[in-house]
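> One structure is given below, represented as structure tokens, and several questions about it will come after.
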Amino acid sequence: MFHQIRIRKEDTHAQRFLFRSDENEPPTIYIMDVATFGASCSPCSAQYIMHRNAQENELEFPEAANAIQNKTYMDDYFDSCNTEAEAIDRARQVREIHSRAGVNMRNWVSNRESVLKGMGESSDKPVTIVERDSVEKPLRVLGMVWDPSNDVFKYTSNWRKDLIPYVLKKQRPTKRIALSVVMSLFDPLGLLGPVLIHGRILMQDLWRNNLDWDSKMGDTEFEKWLLWIDLLPIINKLEIPRCYFDNINPQAYRSLQLHVFTDASEVAYGCAAYFRITENNEVRCSLVMARCKVAPLKHLTIPQMELQAALLGARLMRCVVENHTLPISEIYIHTDSEVVLSWITSQPREFKQFMACRIGEILSLTDPSMWRHVPTKENPADGLTKWNQDTILSAQSRWYKGPAFLYQTKDE
């Protein structure tokens, strides 16, 4: 991609380098006349050229040009269409636009074989997802493991050899080893939040106890460690559908609602966002994404922690709305803290700085009419702050499907 971008002649001298094959000979001076790997300006230049090329072809291919500008992450393009014919046509147009800039889009992957055949990319070798201890690398989409044959996201825990004794044989780890294990699990959407948060809470306990990096954790922390790593095998069995709602009429998205749940405890706070849709009087819900954080080392009261969770939920709501093209008709944010609900309907200037700043940001992101009270036992975000039924993850659990009351009619 970089090598298809020619540098202006007056700027090429910034890319000089010396090279020689014989150490007894003087080096030869070379100049790179295209963008190079390692130059900090190359990614920015490549993105600019890609968008500029798409804009120049916008009149001829409006949808494909828009897709290139909004659904491309560096040199990776991800898109989704309602029909196979639309997908083939869109992909061909995207490839045509890029080819006009000398960029060849290749290695196409789809959950439908017919789309690959239409692109001339069909392969006799199916894409497989590796299991634990396999030496092969799984297919990844921006770091997420994707199984295109079943169109699901998966999680793999292929541990480094030095970490295996601490995860599988349950040896007592040091703080350094524990941090390596916790950070080895990549979860950008927060779909594993109810499990991963307990590993982060444990790490905070080790920091609070001033444990040295290479000192083994104490008995209390080791008991928590054993409880946590017993949850990790569950991750390998999870299969999370890539599509929020499969086999659904696009017209049903007119009823799409966004529900955000927030919760906090003494050790953590978090939020989870769900889409709710109705088709033929059937309600379907799906987890969109979640965020969770450990409590700060400085002690905060439970109402203050709940306010932190509410702010995180408001930011999550904005993130989901801004990064989806789906028409969201209604937005609701649920908290089990009546104190926070009272604060949100008050003027920020009535409070001290800590609360005033957070309430002010919440009111700038949301409208007070969006907020609702939810009982703690009906709050799925409760799994992000403490051990409960949602800590044991399964594809059909409340954590992924949403609480039962969302499946009732609105007046209920």
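The values are calculated or read from the model by the stated rules, or taken from the named source; none is laboratory data. Note that this is a predicted model, so its numbers are computed, not measured. As a convention, Cβ positions derive from the backbone with ideal geometry for all residues, glycine included, and neighbour counts pool all protein chains shown. Remember, those area values only see protein heavy atoms, side chains included, never the ligands or the DNA or RNA. Shrake-Rupley method; radii C 1.70, N 1.55, O 1.52, S 1.80 Å.
> So which lysines pass the test for LYS117, namely a Cα distance under 28 Å, with those fewer than 8 places away in the same chain ruled out?
Those lysines meeting the cut-off are LYS71, LYS125, LYS137, LYS154.
> Quick check: Cα centre of the stretch 160-223 to Cα centre of the stretch 284-324, how many Å?
23 Å
> How long are the semi-axes of the equivalent ellipsoid of the stretch 315-363, taking √(5λ) for every eigenvalue λ of the Cα gyration tensor, in whole Å from largest down?
On the way: eigenvalues 132, 33, 14 Å².
Three semi-axes, in Å: 26, 13, 8.
> Another question, if that's okay. I'd like to check one number: the per residue accessible area of the stretch 222-263, probe 1.4 Å, reported in Å² as a whole number.
Numbers: 2010 Å² over 42 residues.
Counting only protein heavy atoms, the per-residue value for the stretch 222-263 is 48 Å².
> Using amide H atoms built in the peptide plane, which far-off residues or other-chain residues are under 5 Å from VAL145 H to H?
Answer set, sorted by chain and number: LYS154.
> Let me ask another. Roughly how large, in nm² to one decimal, is the mean projection of the convex hull of the alpha-carbon atoms in the stretch 1-91?
Working: hull surface 33.2 nm².
The number I arrive at for the stretch 1-91 is 8.3 nm².
> Leaving out same-chain residues fewer than 8 places away, which lysines sit with a Cα under 22 Å from that of LYS377?
Output for LYS377: LYS293, LYS386, LYS401, LYS410.
> Using a 1.4 angstrom probe and counting only protein chains, how large is the accessible area of TYR407 in Å², to 10?
90 Å²
> Can you tell me the Rg and the Dmax, both Å, for the Cα atoms in the stretch 339-406?
Radius of gyration, then largest Cα-Cα span, for the stretch 339-406: 15.5, 45 Å.
> Here's a follow-up. At 1.4 Å probe size, with the rest of the protein present, what percent of the exposed accessible area of the stretch 139-251 is carbon and sulfur atoms? All intermediate terms of the calculation are to be shown ahead of the outcome.
On the way: 2990 of 5700 Å².
Here carbon and sulfur together make up 53 percent of the probe-accessible area.
> Ok, one more. If I fit a long axis through the Cα atoms of helix 84-99 and take the longest principal axis of the Cα atoms of the chain, what angle between them do I get, 0 to 90°, rounded to 10?
The helix 84-99 is inclined about 50 degrees to the chain.
> Something else now. Provide Rg and Dmax in Å for the stretch 257-307, with only Cα atoms included in the calculation.
Gyration radius and largest Cα-Cα distance of the stretch 257-307: 14.9, 51 Å.
> Inverting the mean 1/r over all pairs of different Cα atoms, compute the Kirkwood radius of the stretch 177-234 and quote it in Å. Can you show the working numbers first?
Details: mean 1/r = 0.0836 Å⁻¹.
12.0 Å is the Kirkwood radius here.
> Still on this structure: Of the listed values (1) 171; (2) 185; (3) 229, identify the label whose number matches volume of the Cα convex hull per residue in Å³ calculated from this model.
Label (3) holds the value from this structure.
> Per residue, how big is the convex hull of the stretch 176-322 when only Cα atoms are used? Give it in Å³.
Dividing the Cα hull volume of the stretch 176-322 by its residues yields 137 Å³.
> I'd like the Kirkwood hydrodynamic radius of the stretch 131-255, using the inverse of the mean 1/r over distinct C-alpha pairs, in Å.
On the way: mean 1/r = 0.0610 Å⁻¹.
It works out to 16.4 Å.
> Another one. Once the Cα atoms of the stretch 41-100 are picked out, what are the Rg and Dmax in Å?
Radius of gyration, then largest Cα-Cα span, for the stretch 41-100: 11.4, 38 Å.
> Moving to a separate point now. At a 1.4 Å probe radius, which order do LEU258, LEU179 fall into by accessible area, largest first?
Numbers: LEU258 0, LEU179 55 Å².
These residues rank, largest area first, as LEU179, LEU258.
> Can you tell me which aspartates and glutamates have their Cα less than 18 Å from the Cα of LYS216? Leave out same-chain residues fewer than eight positions away.
The reachable aspartates and glutamates, counting only those whose Cα sits under 18 Å from LYS216, are ASP162, ASP205.
> At 1.4 Å probe size, put ASP219, ASP147 in order of accessible surface, largest to smallest. Intermediate values should be presented prior to the final figure.
Numbers: ASP219 105, ASP147 10 Å².
Highest to lowest solvent-accessible surface, that is ASP219, ASP147.
> Dipole of the stretch 191-269 (Lys/Arg Cβ +1, Asp/Glu Cβ -1, origin at the Cα centre): which of TRP207, VAL260, ASN236 lies farthest to the positive side?
Farthest towards the positive pole: VAL260.
> Quick one: Karplus J couplings for the stretch 184-198, per residue in order, coefficients 6.51, -1.76, 1.60, θ = phi - 60°, nearest Hz, x for Gly and Pro?
With coefficients 6.51, -1.76 and 1.60, one gets 6, 9, 8, 9, x, 8, x, 6, 9, x, x, 8, 5, 4, 6 Hz.
> Same structure again: Over the stretch 1-126, average the accessible area per residue using a 1.4 Å probe and give it in Å², no decimals.
Values: 8730 Å² over 126 residues.
I get 69 Å² per residue for the stretch 1-126.
> Using the Cα gyration tensor of the stretch 291-340, with a ≥ b ≥ c the square roots of its eigenvalues, what is the shape: rounded (a/c below 1.5), prolate (a/b larger than b/c) or oblate (neither)?
oblate
> So which trypsin sites (Lys or Arg not before Pro) in the stretch 315-412 pass both tests, a DSSP loop state and at most 13 other Cβ atoms within 10 Å of the Cβ? All intermediate terms of the calculation are to be shown ahead of the outcome.
On the way: sites: ARG315, ARG318, ARG349, LYS352, ARG358, ARG372, LYS377, LYS386, ARG398, LYS401, LYS410; in loops: LYS352, LYS386, LYS410.
In loop regions of the stretch 315-412 (DSSP not H, G, I, E or B), the sparsely surrounded trypsin sites (Lys or Arg not before Pro) are LYS352, LYS410.
> Would you tally the net charge around LEU406, using a Cβ to Cβ cut-off of less than 11 Å, leaving LEU406 out, and scoring K and R as +1, D and E as -1? Can you show the working numbers first?
Numbers: positive: ARG276, ARG284, ARG398, LYS401, LYS410; negative: GLU378, GLU412.
Surrounding charge for LEU406 is +3.
> Shifting gears a bit: Could you give the angle, 0 to 90 degrees to the nearest 10, between helix 42-56's Cα long axis and the longest principal axis of the Cα atoms of the chain?
Orientation of helix 42-56: about 80 degrees from the principal axis.
> With the cut-off at 1.5 for a/c, could you classify the stretch 278-382 from its C-alpha gyration tensor as rounded, prolate or oblate? Can you show the working numbers first?
Values: a/c = 1.85, a/b = 1.64, b/c = 1.13.
Prolate is the answer for the stretch 278-382, as a/c is 1.5 or above and a/b outweighs b/c.
> Please report, to one decimal in angstroms, the Kirkwood hydrodynamic radius of the stretch 220-274 built from all distinct Cα-Cα pairs.
Numbers: mean 1/r = 0.0648 Å⁻¹.
For the stretch 220-274, inverting the mean 1/r across all distinct Cα pairs yields 15.4 Å.
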